[in-house]
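Accompanying notes for the structure given below.
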Amino acid sequence: MGLVPAPALVAAGLLWALLSLALGMEGSRPESLLLKSLGLSTKPNPKAPAPVPSVLWRIFRKREQLSGKQGPERACRVEELNVPGNILRVFADQGHFIHSGEPRPSLCLEKRLYFNFSALEEGEQLTMAQLEIQFSHNSYHVPSGGQAFELQLSQALGPSLRGTASRLHTRKLLVAQSFAPLHKSLFFNLTEVARGWRAPSKNLGLILELAVGSSVSPPRRPQGLCDSFLRTSLLVVSLSQKQCNASRQRRSAYDAPVTPSNLCKPRRLYISFSDVGWENWIIAPQGYMANYCLGECPFPLTEELNSTNHAILQTMVHSLDPEGTPQPCCVPVRLSPISILYYDNNDNVVLRHYEDMVVDECGCR
């Protein structure tokens, strides 16, 4: 048997794992290997899945439309956000509200924000982190002639304990801004801050403070603003170089021939995630055309069989000594990526670009 190229081994491993699951081998070693290749420790089981952010839906659908047409330089860049990356995660806030012992009449809300970065793998390059603060639409009306609210966002530099006076915590002010109209969402670039959170001991979160502006009449303080606050989340884009092979050429994944033949060529294979029991954590797609390679590599090898010089010589030797020398193998020689939208082990929504998932061409090796 001929040597199988590394990309072919990767694709074959993923395909075998999915086929094993389809055959009822859930929890098997192939499933564990596949989950590991997807950046997951165990199979996710979302308890209270968050809604998928609209930005991830837009990027996913655009990538679906461009499937097989993206150049290698685009596979590792998020054009919509103008940053390098092939993994997008939306981290839910896991912090808590702070009840300060200091009387501050204008203070509406004080909250510690915390985003668990344990899902980021070693070697991932964080290229963007954007904080979104969401408010309910039209739930708070701005008084005429006065500021609506003031926002302060600080980086926590010391531990924040429940029930303690918040002003005793060391912090570094990042944003201090006044807003007249209340937006549905406010966005802040926290890329440099988030890069320092890769070490767990350095990730102490943020402190968010909302206060009613000084010119707002006392009867309007502070309930309207408090009621309008919904949630915070952090969009993080990272680049995984090991899944980003810029040198590989791509071609449409849906050109696999279906004509019967015993020669080496791609065969159609559609993998449904519901058939392998993954439909509860994979959001989209519902499945994809994976394809596989099957067929003989007979003597003499033709140009259509995408043969290497080594395979041609091996076939010649096999024709002279069929017992002592095997025929070359029919393996993938060109593969293309897909994007998967799913919930991870912490119920965060992730959009990830995976290389070498679809067999486009086969050859004798």
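Let me confirm something: among R167, R112, which residue is over 20 Å from the mean Cα position of the chain (by Cα) and either modelled with pLDDT of 85 or more or in a loop (DSSP other than H, G, I, E, B) (or both)?
Values: R167 fails: either modelled with pLDDT of 85 or more or in a loop (DSSP other than H, G, I, E, B) (or both).
Among R167, R112, only R112 is over 20 Å from the mean Cα position of the chain (by Cα) and either modelled with pLDDT of 85 or more or in a loop (DSSP other than H, G, I, E, B) (or both).
Does Y342 satisfy being touching a Phe, Trp or Tyr at 6+ places or on another chain (Cβ under 8 Å), open to solvent by less than 40 Å² (accessible area, probe 1.4 Å), part of a strand (DSSP E or B) and not aliphatic (A, V, I, L, M)?
Working: touching a Phe, Trp or Tyr at 6+ places or on another chain (Cβ under 8 Å): yes; open to solvent by less than 40 Å² (accessible area, probe 1.4 Å): yes; part of a strand (DSSP E or B): yes; not aliphatic (A, V, I, L, M): yes.
Criteria met by Y342.
Conditions (1) at pLDDT 80 or above; (2) aliphatic (A, V, I, L, M); (3) assigned to a loop (DSSP other than H, G, I, E, B); (4) out of contact with any helix residue (DSSP H, G or I) (no Cβ under 6 Å at 6 or more places or on another chain), marked per residue:
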{"residue": "V216", "(1), (2), (3), (4)": "no, yes, yes, yes"}
{"residue": "V237", "(1), (2), (3), (4)": "yes, yes, no, yes"}
{"residue": "N245", "(1), (2), (3), (4)": "no, no, yes, yes"}
{"residue": "R248", "(1), (2), (3), (4)": "no, no, yes, yes"}
{"residue": "R251", "(1), (2), (3), (4)": "no, no, yes, yes"}
{"residue": "W278", "(1), (2), (3), (4)": "yes, no, yes, yes"}
{"residue": "Y288", "(1), (2), (3), (4)": "yes, no, no, yes"}
{"residue": "F299", "(1), (2), (3), (4)": "yes, no, yes, no"}
{"residue": "H310", "(1), (2), (3), (4)": "yes, no, no, yes"}
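Given (1) of a type outside the set (V, I, T); (2) closer than 30 Å to E124 by Cα; (3) crowded, with 22+ Cβ neighbours inside 10 Å, identify the lone condition not met by C330.
Failing condition for C330: (2).
Could you check region 297-316 and list, in sequence order, the residues that are free of Cβ contacts under 8 Å to residues at least 60 places away in the same chain and open to solvent by less than 70 Å² (accessible area, probe 1.4 Å)?
We begin by selecting, within region 297-316, every residue free of Cβ contacts under 8 Å to residues at least 60 places away in the same chain; these are 298-300, 302-309, 312-313, 315-316.
Matches in region 297-316: P298, T302, L305, N306, S307, T308, I312, T315.
The values are calculated or read from the model by the stated rules, or taken from the named source; none is laboratory data. Predicted model only: the values in this text are computed from it and were never measured. Methodologically, a virtual Cβ is constructed for each residue, glycine included, from the backbone with ideal geometry; neighbour enumeration extends over all protein chains shown. Note: areas computed on protein heavy atoms with side chains; ligands, DNA, RNA excluded. Shrake-Rupley method; radii C 1.70, N 1.55, O 1.52, S 1.80 Å.
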